[in-house]
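Q: One structure coming up, written as structure tokens, with questions to follow.
The values are calculated or read from the model by the stated rules, or taken from the named source; none is laboratory data. None of the values given here were measured: they were computed from a predicted structure. In this analysis, Cβ positions are derived from the backbone assuming ideal geometry, glycine residues included, and neighbour counts consider all displayed protein chains. The area values use the complete protein model at the heavy-atom level, side chains included, leaving out ligands, DNA and RNA. Shrake-Rupley method; radii C 1.70, N 1.55, O 1.52, S 1.80 Å.
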Amino acid sequence: MVGVEGPALGWPLSPSGLLSLAVLLPLALLPGATASFGLPCRGLSRLDRALLGAVLTPFFVAAALMLLKAVGLPFGSAARVVMASCSVGLVLTVWRLRTEPRQPGDRGALAAVGVVACIFAGVLWWSWFSRGETHFSSLHAMHHAELVYAVTKPGAIPENPMLAGVPLRYPFLGHYYWAWLGWCLDVNPLVLWERTALVWFGVTALTYYRAGLALGLRPWFAVLGVVILLAGNSPFELVRSLFADPLGPGGPVRYGAYLQKFSAFNLMLFALPGLAGVLLLSLHVLRGAADRSWLVLLALVTLAAGAVYPILFPFSLALAGLPLVLPGISLRTRRDVLAVLGLTGAAFAAIMLFFIGSRGRVPLDAWQLGFAASKLGEMALALGPFLLIALPELNAGLRRLDPRTLLLAAIVALGAGFYVVVPLPSLNEYKAVYVAMLGAGLLAARSLDLRIGLRDVQVIAAVALLTPLVAALDLARFDRLFAGHPKAREPAESERRASVSPWRLDSFWLEPRAGSPEAGWTTAIRERTRPDTVVVSPPGPDPVSSLTRRSEYVTRWRRGAGRVGFGYRARVWTVDVRGSPLATFRGRAQIQNTVYARSDQPARFRAAAAALVALGRPVAVYFPSADAPFPRFLEREQVGREIWSDATSSIRQLDPADES
């Protein structure tokens with residue numbers, strides 16, 4: 001956004017950017033290291049412990065903050081307690097490093113994974129840099145920033161900041177982690193997510209590499225598996241984007257490779273490394289590491305991955321549960337075969353029921369069946385090349401009933417099958433594609449290693465060739481998606497950017513620049529009202545909840561002039577995404593219309609005032625015009641008091657005591 005004050009866009013290459021990453025790395029590891037380095041788990045390498053510690057960190061931090069807030073601590077005090085508790089993880093990490101010997105490994109292959117990860121991280125950074133400052137507020141960035149601020153308010157379960165008093169029904173544990181980091185480091189969430197994206201992208205690449213080694217791959221084939229995972233269906237995406245709307249059904253923004261989900265502010269930054277962590281431990285369990293400490297760590301990582309991103313929780317459970325039963329199945333009798341088929345069917349049915357219960361549906365009519373058929377074609381084109389490479393391994397592994405091949409094949413089948421069969425609101429079933437890619441990537445790499453028999457030098461050459469090629473394809477795709485394709489932008493973006501005042505991003509709290517139209521009244525609400533005050537303002541483009549640090553009575557914006565950083569209509573965010581009752585939203589929208597009516601309507605004004613006071617919390621009503629009839633009615637009826645005014649606008653506060 002033009003005029004945004006904040007850090008320079010080139011921060012990853014600046015000394016301050018490198019310093020912030022150096023500070024972020026231990027804060028990404030130490031909270032979760034309490035478990036990953038504290039549990040015995042004999043045979044688990046130091047690197048595996050560090051990666052799993054990072055996977056556990058968002059869940060551990062969120063759980064600790066929620067517990068401390070539940071017993072009455074304000075967020076700032078709770079954040080300091082959690083920061084102090086990182087010393088426990090530090091002590092356990094140092095102790096484990098001093099008492100356990102270093103395991104041998106191929107340092108060249110590990111360095112190659114680091115180089116591959118850095119190249120793709122550079123693609124991410126360039127996609128942000130080339131978009132200019134607009135990436136701070138593009139896509140759904142303000143939606144997530146608003147929830148980061150929401151979790152800092154009293155109460156373990158936050159309310160929907162778009163509809164005060166209504167509990168939030170949207171995953172928010174990851175936002176607790178962003179809030180903790182942002183609060184302690186004084187970094188704005190709209191800037192912080194980029195830094196966490198780079199860190200957790202690296203965690204994902206390294207964890208998947210370690211999963212390849214746990215599968216039994218030679219080191220350079222494990223590196224190739226990482227490149228395959230990051231490649232995803234990039235070639236297919238790029239070709240498709242030339243002929244289809246990137247934001248429409250079937251567009252590459254929904255069926256993208258893993259890099260896609262690290263390019264925007266979203267919770268899958270934590271979910272994807274979580275899934276890779278579950279896969280890593282599951283493969284270790286299949287190799288015989290099944291004592292109690294391993295199973296405890298597997299349960300914790302599975303819970304962490306699912307709790308941070310519930311849509312993928314059933315897949316995490318399947319990925320963790322299958323290794324516990326596969327080694328004990330011989331498939332020598334018809335009963336064993338039926339047992340495996342029944343187990344797979346039960347897992348798939350359980351996943352379907354989980355999602356159908358959360359507003360999903362099954363394709364029953366002709367249109368839905370046709371849509372399922374089209375998605376089957378999408379899935380075949382997306383995964384087909386990798387499954388063709390994996391065909392020799394699938395054939396040999398399934399014939400000899402190799403538990404590791406069975407596990408990977410089951411994950412591909414569950415992810416692909418769910419994506420085709422179960423439509424979810426906003427097409428969210430596309431996230432099952434990422435589950436399927438976890439299995440397809442390692443199956444392809446294992447087939448190249450064991451069945452096709454490539455030599456190490458050939459694999460090194462393939463990695464050296466494919467990495468810049470796939471990176472170039474991703475750069476072209478991001479350019480097509482964010483710049484070259486006009487439909488990829490938010491609706492009426494150019495019109496809205498002209499009407500939205502610039503914000504300051506140089507501290508944790510989002511603030512308008514001095515002298516901007518909303519600076520006066522939002523500052524007055526922050527400084528002159530209680531934190532639990534509810535804000536009533538007319539429909540507009542400004543992120544009122546984030547700027548005032550208060551929840552809104554109802555959030556709406558005018559048609560064709562929406563709110564930057566959201567992308568959908570307000571009703572979609574409030575009701576469909578955050579799970580608030582539609583009747584409550586509509587009722588409050590009617591009261592908002594009454595409050596800002598242009599004619600005197602005493603009966604309706606009296607009902608609106610009663611509804612606002614009935615909230616049982618202070619209500620600050622902002623009036624942008626001095627001649628609005630509703631504040632004159634309140635003054636005439638002696639309801640509330642004026643707490644701020646300037647030449648054209650005013651704020652009037654209503655308290656629960658005004659109910660009489």
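Q: Long-range amide H contacts for residue 511: which residues qualify at under 5 Å (H placed 1.01 Å from N, peptide plane, sequence gap of 5 or more or a different chain)?
A: Amide H neighbours of residue 511, under 5 Å, 5+ apart: 504.
Q: Which of the residue pairs 153/431; 153/261; 69/153 have a Cα-Cα distance greater than 20 Å in the structure shown?
A: Over 20 Å Cα-Cα: 153/431; 153/261.
Q: Within a Cβ distance under 14 Å of residue 185, other residues only, what is the Lys/Arg minus Asp/Glu net charge?
A: Once all neighbours under 14 Å are counted, the net charge is -1.
Q: Still on this model: Sorted by average packing, counted as other Cβ atoms within 10 angstrom per residue and highest first, what order do 123-130, 439-446 take?
A: The peptides rank, most packed first, as 439-446, 123-130.
Q: May I pose another question? HN-Hα J couplings of the range 76-91 from phi, Karplus 6.51/-1.76/1.60, θ = phi - 60°, integer Hz, Gly and Pro as x?
A: These are the phi-based 3J(HN,Hα) values: x, 5, 4, 5, 5, 4, 5, 4, 5, 5, 4, 4, 5, x, 5, 4 Hz.
Q: Report ³J(HN,Hα) in whole Hz for each residue of the range 211-223, in order, from the Karplus equation J = 6.51 cos²θ - 1.76 cosθ + 1.60 where θ = phi - 60°; Gly and Pro get x.
A: Ordered by residue, 3J(HN,Hα) equals 5, x, 5, 5, 6, x, 6, 5, x, 6, 6, 5, 4 Hz.
Q: Sticking with this one: Which far-off residues, 5 or more places away or on another chain, put their amide H under 5 Å from the one on residue 159, with H placed in the peptide plane?
A: Those qualifying (amide H under 5 Å, at least 5 residues apart or on another chain) are 168.
Q: Ordered by packing density, taken as the mean number of other Cβ atoms within 10 Å over each peptide's residues, highest first, how do 373-380, 408-415, 628-635 rank?
A: For the peptides 373-380, 408-415, 628-635, the packing ranking is 408-415, 628-635, 373-380.
Q: Another question, if that's okay. In what sequence, largest accessible area first, do 83, 162 appear using a 1.4 Å probe?
A: Ranked list, largest accessible area first: 83, 162.
Q: Under the rule a/c < 1.5 gives rounded, and otherwise a/b versus b/c splits prolate from oblate, where does the range 558-645 land using the Cα gyration tensor?
A: The shape class here is prolate.
Q: Taking amide H atoms as placed 1.01 Å from N in the peptide plane, list the residues 5 or more away in sequence, or in a different chain, whose amide H sits under 5 Å from that of residue 187.
A: Those lying under 5 Å, H to H, from residue 187 are 508.
Q: Any idea how far the Cα center of the range 558-631 sits from the one of the range 373-415, in Å?
A: 52
Q: Can you classify the range 177-237 as rounded, prolate or oblate using the Cα gyration tensor, where a ≥ b ≥ c are the square roots of its eigenvalues, rounded means a/c under 1.5, and otherwise it's prolate if a/b beats b/c and oblate if not?
A: Here the range 177-237 falls in the oblate category.
Q: Further, regarding this structure: Using a 10 Å cut-off on Cβ atoms, rank the peptides 542-555, 590-603 from the highest mean neighbour count down.
A: 542-555, 590-603
Q: Separate question: Once you have a ≥ b ≥ c as the square roots of the Cα gyration tensor eigenvalues for the range 11-110, tell me rounded if a/c is under 1.5, and otherwise prolate or oblate according to whether a/b is larger than b/c.
A: Verdict is oblate for the range 11-110.
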